[in-house]
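Q: First the structure, then my questions, so here it is.
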Amino acid sequence: MTTPRRAPEVLLRRYWEDPDTPVVTAGLSALSLGYRGALRIRDLMYRWKLLRTGRLPCAVVSVGNLTLGGSGKTPTVELAVRTLQELGAVPAVVSRGYGRVTRGVHVVAERDGVRADARTAGDEPLLLAERLPGVAVVVGENRYEAGRVAVERLGATALVLDDGFQHRTLAKDLEILVVQGRAPWGNARVFPRGMLREPLAGLARAHAVVVTNPAGAGSVEAVTAMVRRFNPTAAVLAASYHHQDAVETQSGRRVPVAELAGRRLMAFAGLGSPQGFADTLDAVGIRRVALAEFPDHHWFTPADLRELAQDARTTGAQGLITTEKDWVRLRDLPPPPLPLWILPVRLVLESGQDIWQRLLAGVLSPAPLGRPCS
């Protein structure tokens, strides 16, 4: 079997970290120029009104990033929704639903429960729906149309866009950019030469930058310095992942992470940046004997689990461990022959809590950041 760990996405990610073939580098650089050109044309089409941006009668908060996955968008969306609720709003999550098998606008969750499965919704929207009971979640390629459903049918008074920084069909009032603290810009090259979705000049559009899991104060300072090159006013905040009890999937048993410390476990993840998950495991003392990387949003198969179990036995691992997001995409499969653990995490602001509250309260006022006063 050709394993997903040899998939083009995984190989490209590894090449960004260690480019060793000049011909390949030159080819990726040429493609990157073409990609930049396409971004420029798209921007001009919006400026010349050939493509339209719609506005809805509610506050719109966008959470996104400049890189391809792995920065912490989903837990930041959750944090934004909970804050808006505390401020008295009725928020809904609007997402594209990457990886789903459906097209068009679909309601994933309403106030009275979840209405879709992972294949219909996509992994991240379903995970958010389960983490945020009672909150409407809507998916759709066109965020304006999906947002209109959330407002007109589901009663939302505020929208939080999951992965919305590059999206233009819906006008936004607050742009929150999420940056991975340990490798904020990857190799600082634009796709496909690197992991940037757009040039770093895009930092100019952000109202706030959340640095997730920084390695220390130096990491936040370095991100702040880069932000200030393009944006003199954006707030820069720091946040970290706080783990919750680990869950053994077959029994549903929850145990403090400390009980897993010292166990030999094989980690696997289909994320934009699987190394971030590995760093989290290392930080809590889990003996990670190996890390199997899969493409972002990878839909696991029974063969994948069998191969992972075989690799785990070869390395002397006592079980497997993965993320909540990955569990959404594999929980309907037959269980592997080894214990499988998931490690839930939540994002907690370590600095700038007052700024965060003020920014989100501001979008609920009559003249939010993104709207001119009438």
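The values are calculated or read from the model by the stated rules, or taken from the named source; none is laboratory data. Values in this document were obtained by computation on a predicted structure and should not be read as measured data. All Cβ positions, even for glycine, are placed from backbone atoms using ideal geometry, and neighbour counts span all protein chains on display. To get the accessible areas, we keep the full protein, side chains included, count just its heavy atoms, and leave off ligands, DNA and RNA. Shrake-Rupley method; radii C 1.70, N 1.55, O 1.52, S 1.80 Å.
Q: Counting pairs of alpha carbon atoms under 8 Å apart in space and at least six apart in sequence, what relative contact order in percent does the stretch 204-247 give?
A: On the way: 43 pairs, mean separation 24.2, N = 44.
Relative contact order comes out at 55 percent.
Q: HIS242 versus GLU86, label points 7 Å from Cα toward the beta carbon: distance in nm?
A: Reported label-point gap for HIS242 and GLU86 is 1.1 nm.
Q: With every protein chain present, what is the per residue accessible area of the chain (1.4 Å probe, Å²)? Don't skip to the end; give the middle numbers.
A: Working: 16390 Å² over 374 residues.
Per-residue value: 44 Å².
Q: Can you tell which of ILE342, GLY64, VAL257 lies farthest toward the positive end of the dipole of the chain, using +1 and -1 charges on the Cβ of basic and acidic side chains (Lys, Arg; Asp, Glu)?
A: The residue sitting farthest along the positive end of the dipole is GLY64.
Q: What FRET efficiency would be calculated for the residue pair GLU145, ALA217, taking the C-beta separation as r and a Förster radius of 45 Å, to the nearest 0.05? Intermediate results must be reported in sequence, preceding the final value.
A: Values: r = 43 Å, r/R0 = 0.96.
Calculated transfer efficiency: 0.55.
Q: Enter the accessible area of ARG14 (Å², nearest 10), with the probe set to 1.4 Å and all protein chains included.
A: Accessible area of ARG14: about 100 Å².
Q: Select from HIS242, VAL24, GLY34 the residue farthest towards the positive end of the dipole of the chain; place +1 on Cβ of Lys and Arg, -1 on Cβ of Asp and Glu, and compute about the Cα centre.
A: GLY34
Q: Less than 13 Å from a label point 7 Å out along the Cα-to-Cβ axis of ASP332: which backbone N atoms in the stretch 92-115 qualify, by residue?
A: 100-102
Q: Follow-up. When only Cα pairs under 8 Å and 6 or more residues apart are kept, what is the percent relative contact order across the chain? List each step's numbers first, then the result.
A: Values: 747 pairs, mean separation 69.3, N = 374.
After rounding, I find 19 percent.
Q: For ARG119 and ASN187 in the same chain, what is the full-extension length gain: residue separation times 0.36 nm, less their Cα-Cα distance, in nm? Present the calculation step by step, with values, prior to reporting the outcome.
A: Numbers: separation 68, 0.36 × 68 = 24.48 nm, distance 3.27 nm.
Stretched out fully, the ARG119 to ASN187 stretch lengthens by 21.2 nm.
Q: At a threshold of 8 angstrom on Cα-Cα distance, excluding pairs fewer than six apart, so keeping six or more, what relative contact order does the stretch 148-260 reach in percent?
A: Working: 132 pairs, mean separation 22.1, N = 113.
With pairs under 8 Å counted, the relative contact order is 20 percent.
Q: To continue, here is another question. Sort the following peptides by mean Cβ neighbour count (other Cβ atoms within 10 Å, averaged over residues), highest first: 171-177, 351-357. The partial results should precede the final answer.
A: Details: 171-177: 23.7, 351-357: 14.9.
Peptide ranking by packing, descending: 171-177, 351-357.
Q: On a 0 to 90° scale, report how tilted helix 274-283 is relative to the longest principal axis of the chain, with both axes built from alpha carbons and the result rounded to the nearest 10.
A: It is inclined by approximately 70 degrees.
Q: Which residue, SER95, SER32, SER240, has the most motion in a Gaussian network model of the chain that connects Cα atoms within less than 10 Å?
A: Of the options given, SER32 has the highest mean-square fluctuation.
Q: Which of the aspartates and glutamates could a cross-linker bridge to LYS325, judged by Cα under 12 Å and excluding same-chain residues fewer than eight apart?
A: ASP123, GLU124, GLU130, ASP296
Q: Hey, another quick one. Using modelled amide H (1.01 Å from N, peptide plane; none on Pro or chain starts), what sits under 5 Å from the amide H of LEU237, excluding residues fewer than 5 places away?
A: Amide H neighbours of LEU237, under 5 Å, 5+ apart: VAL209, VAL210, VAL211.
Q: Counting helices only, and only those DSSP H runs with n ≥ 4, report the 222 nm mean residue ellipticity of the chain as the sum of -39,500 (n - 2.57) divided by its residues, in deg cm²/dmol to the nearest 500. Show your work: numbers first, answer last.
A: Working: 11 runs with 126 residues, N = 374.
Result for the chain: -10500 deg cm²/dmol, rounded to the nearest 500.
Q: Counting only protein heavy atoms, what percent of the accessible surface of the chain is carbon or sulfur at a 1.4 Å probe? Don't skip to the end; give the middle numbers.
A: Details: 8800 of 16390 Å².
Accessible surface attributable to carbon and sulfur in the chain totals 54 percent.
Q: Determine the dipole magnitude for the chain: charges of +1 sit on the beta-carbon of Lys and Arg, -1 on that of Asp and Glu, nothing else is charged, the reference point is the Cα centre, and the result goes in debye to the nearest 20. Walk me through the intermediate numbers first.
A: On the way: 46 positive and 37 negative charges, 203 e Å.
Around 980 debye, computed over the chain.
Q: Any idea which of HIS297, PRO232, LEU320 is furthest toward the positive side of the dipole for the chain, if Lys and Arg beta-carbons carry +1 and Asp and Glu beta-carbons -1?
A: PRO232
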